[in-house]
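One structure is given below, encoded as structure tokens.
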Amino acid sequence: MRRPLAQILLDSVAPAGRASTGSSSGSLDGIRLEHLADAAQDHRVLPAVAKHVAGRPDCPERWRAPLRRARDEQVVRHLGALAELAVLGAALDRAGVPWVVAKGPTAAALWPAPDMREYYDLDLYVPRAGFRAAVEALDAAGCTGVDRNWPLMVRERRAEYAMRGPLGVHLDLHWDFAVPHALRRSFRTDPEAMIARRRTVALGGGRVVPTFDPVDSVLVLAFHAAQAGAGRLLWLVDVAAAVAACDGARQEIGPRARAMRIEAPVALVVDRAARVLGGHGEESLGGTGLRVPTVLRGAAAALDRRRGFPDLPGDPHRGGRLYAGARPRAWGTTTALVGHAVAQRRIDRALRRGLPDAGEKALRLDVPDERAREGYLRFVDSGVG
């Protein structure tokens with residue numbers, strides 16, 4: 001039996017994925033609006049929760065204005081992102097750089113209404129060979145760098161550069177969806193082929209943008225969710241909706257994931273999405289061609305049975321390392337799990353000591369080293385690593 005607050009979260013997003021497995025709606029009795037908002041924001045589903053709860057006959061009248069405001073704020077963010085995309089896309093087109101949008105507004109297009117999906121930034125993907133030209137084009141269009149610690153960028157060799165668009169929207173420019181260098185050693189991602197398979201999607205208001213094809217969209221969404229621990233309800237709804245949108249191409253998900261060696265994390269997330277939003281057993285991966293080691297799948301399911309999902313503010317750690325550490329082989333998974341634990345302890349110690357080089361915030365430090373910046377771009381140009 002799920003807690004009422006957790007059931008409300010599920011009821012709010014069930015239309016975007018599959019029917020929630022709870023047989024009855026979560027009661028609003030005894031629930032405070034601030035607790036509901038905190039839980040919804042933790043899972044990045046506040047606009048969807050606002051829509052669902054405001055439409056219930058038992059919604060307290062005093063809740064309606066703040067719930068309406070939560071949806072209105074997402075509408076403003078969505079319109080701002082579309083306006084920013086018009087500027088950024090035009091700049092990349094003029095530079096002759098192929099590009100696609102992922103997550104954000106294109107994931108919102110999978111939901112029943114775009115204002116149901118909460119997002120704050122844009123993720124653009126370009127071929128590695130076109131990354132330098134893309135940076136130059138976006139700089140000329142008025143973008144500014146958010147990642148400014150160039151010596152650290154050189155050392156970490158991340159496949160992502162954070163920028164801010166001319167209209168103020170945060171932008172992550174990617175040349176691979178396996179962002180840390182260590183992930184690119186473990187997996188065999190093929191972003192160039194994925195960009196070559198791109199399609200267009202309508203985002204409303206006459207705006208049409210390029211995005212990954214339906215199967216690649218599943219892979220990117222599920223892989224991203226896995227690396228972040230698969231702990232947010234938003235990510236699971238994205239994945240479930242993306243799988244449903246594959247239609248007749250669903251059976252290609254597994255073979256394409258295996259070719260890039262990302263089947264283990266992708267299958268774990270697809271399995272969790274089906275388990276939480278509806279479906280169980282073999283049906284959860286049915287038709288996708290995905291396979292996942294029995295031990296990993298059983299461990300993930302056992303965690304959800306024992307602790308429940310979605311989790312709520314104040315709940316203990318939810319075992320996200322199992323998803324982030326999934327690798328093609330057992331020894332790789334074990335090594336990754338140990339590495340994640342060690343890295344997290346190192347970051348925790350640095351945070352306690354107040355050191356600036358703790359986690360990704362260190363990338364935001366302003367270290368204007370032009371030689372290091374050029375060194376990072378030369379590394380990307382090399383096509384190696």
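The values are calculated or read from the model by the stated rules, or taken from the named source; none is laboratory data. Nothing here was measured: the structure is a model prediction, and the numbers come from that model. No Cβ is skipped: glycine too gets one built from the backbone with ideal geometry, and neighbour counts run over all protein chains shown.
Report whether or not ASP304 is acidic (Asp, Glu), assigned to a loop (DSSP other than H, G, I, E, B) and more than 17 Å from the chain's Cα centre (by Cα).
no
Are any residues in the stretch 104-134 crowded, with 21+ Cβ neighbours inside 10 Å and either of a type in the set (Lys, Arg) or at positive phi (or both), and if so, which ones?
Residues satisfying the conditions are GLY104, ARG117.
Just name the residue that is farthest from ALA140 (Cα to Cα) out of those in the stretch 99-129 that are part of a loop (DSSP other than H, G, I, E, B) and out of contact with any Leu (no Cβ under 8 Å at 6 or more places or on another chain).
PRO112
So for the stretch 243-256 (the condition being in a helix (DSSP H, G or I), touching a residue at least 40 places away in the same chain (Cβ under 8 Å) and farther than 24 Å from GLU192 by Cα), does at least one residue qualify?
Looking for residues that are in a helix (DSSP H, G or I), touching a residue at least 40 places away in the same chain (Cβ under 8 Å) and farther than 24 Å from GLU192 by Cα, one finds at least one in the stretch 243-256, hence yes.
Exactly one condition in (1) without any contact (Cβ under 8 Å) to a residue 60 or more places away in the chain; (2) in contact with a strand residue (DSSP E or B) (Cβ under 9 Å, 6 or more places away or on another chain) is not met by VAL215; state its number.
Answer for VAL215: the failing condition is (2).
Inspect all residues belonging to the stretch 290-303 and state whether any of them is of a type in the set (D, E, K, R), within 17 Å of ILE253 (Cα to Cα) and modelled with pLDDT of 85 or more.
Keep residues of the stretch 290-303 that are of a type in the set (D, E, K, R), which gives 291, 297.
Cutting the leftovers down to within 17 Å of ILE253 (Cα to Cα) gives us 291.
After this cut, where a residue has to be modelled with pLDDT of 85 or more as well, the list is 291.
Yes; the residues of the stretch 290-303 include at least one that is of a type in the set (D, E, K, R), within 17 Å of ILE253 (Cα to Cα) and modelled with pLDDT of 85 or more.
Quick check: anything in the stretch 226-240 farther than 27 Å from ARG321 by Cα and either assigned to a helix (DSSP H, G or I) or not hydrophobic (A, V, I, L, M, F, W, C) (or both)?
no
Look through PRO105, PRO112 and report the one residue that is touching a Phe, Trp or Tyr at 6+ places or on another chain (Cβ under 8 Å) and not charged (D, E, K, R).
Testing whether each residue is touching a Phe, Trp or Tyr at 6+ places or on another chain (Cβ under 8 Å) and not charged (D, E, K, R) leaves just PRO105.
Restricted to the stretch 190-219, and to residues that are touching a helix residue (DSSP H, G or I) at 6+ places or on another chain (Cβ under 7 Å) and hydroxyl-bearing (Ser, Thr, Tyr), which residue is nearest to VAL100 (Cα to Cα)?
Selected residue: THR211.
If you take the residues of the stretch 122-150 that are of a type in the set (D, E, K, R) and touching a strand residue (DSSP E or B) at 6+ places or on another chain (Cβ under 7 Å), which of them is farthest from ALA109 (Cα to Cα)?
Filtering first and then ranking leaves ARG148.
Starting from the stretch 362-385, take each residue that is at negative phi and list its partners that are of a type in the set (Asp, Glu) and surrounded by 16 or more Cβ atoms within 10 Å (Cβ to Cβ), counting only C-beta distances under 9 angstrom and pairs at least six apart or across chains.
LEU363/ASP147; LEU363/GLU156; ARG364/ASP147; GLY375/ASP369
List the helices (runs of 4 or more DSSP H) inside the stretch 1-96, counting only whole elements, that have at least 2 residues being modelled with pLDDT under 95 and closer than 30 Å to ARG306 by Cβ.
Correct list: 4-13.
Residue check: is ALA241 buried (at least 24 other Cβ atoms within 10 Å of the Cβ), within 24 Å of SER186 (Cα to Cα), under 16 Å from the mean Cα position of the chain (by Cα) and small (Gly, Ala, Ser)?
It is false that ALA241 is buried (at least 24 other Cβ atoms within 10 Å of the Cβ), within 24 Å of SER186 (Cα to Cα), under 16 Å from the mean Cα position of the chain (by Cα) and small (Gly, Ala, Ser).
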